[in-house]
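*Asks:* Structure provided below as structure tokens; questions to follow.
Values quoted throughout were computed directly from the atomic coordinates according to the rules given, and no laboratory measurement underlies them. Every value quoted in this text rests on a predicted model; they were computed, and no experiment measured them. FYI the Cβ positions are ideal-geometry reconstructions off the backbone, even for glycines, and counts take in every protein chain you see.
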Amino acid sequence: MIKEKSFEEAMQELESIVKQIENEDTPLESILKLYERGTELSAYCQDILSGTQEKLESLQPGTEKPETEQ
């Protein structure tokens, strides 16, 4: 679980994780843990972005959500 972080803090941590994963000296076990953490952070950031988009859409009069095709 991610403790309350700002979007910017989460993105900085994600960038750090990517650098560590790209480092050839990082052991495989560490890469797996970093990947799991990165997945959590990515979902956390996506939730923030989705919430922000919904708020912006609600502030714009006459804006409707596009219907998804089924």
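*Asks:* If one takes the longest principal axis of the Cα atoms in the chain, at what angle in degrees, from 0 to 90 and to the nearest 10, does the Cα axis of helix 28-59 lie?
*Replies:* 10
*Asks:* Is there a quick way to get the dipole size of the chain? I mean about its Cα centre, with the Cβ of Lys and Arg at +1 and of Asp and Glu at -1; what is the value in debye to the nearest 20? Don't jump to the answer; show the numbers that get you there.
*Replies:* On the way: 7 positive and 17 negative charges, 40 e Å.
Using Cβ point charges on Lys, Arg, Asp and Glu, the chain gives about 200 debye.
*Asks:* Helix 7-22 against the longest principal axis of the chain: what's the angle in degrees, Cα atoms only, rounded to the nearest 10?
*Replies:* The two axes meet at around 40 degrees.
*Asks:* Please report, in whole Å, how far the alpha carbons of region 1-49 spread along each principal axis, starting with the longest.
*Replies:* 32, 17, 15
*Asks:* Given the -39500 (n - 2.57) contribution per DSSP H run of 4+ residues, what per-residue ellipticity at 222 nm results for the chain, rounded to the nearest 500 deg cm²/dmol?
*Replies:* That comes out to -24000 deg cm²/dmol.
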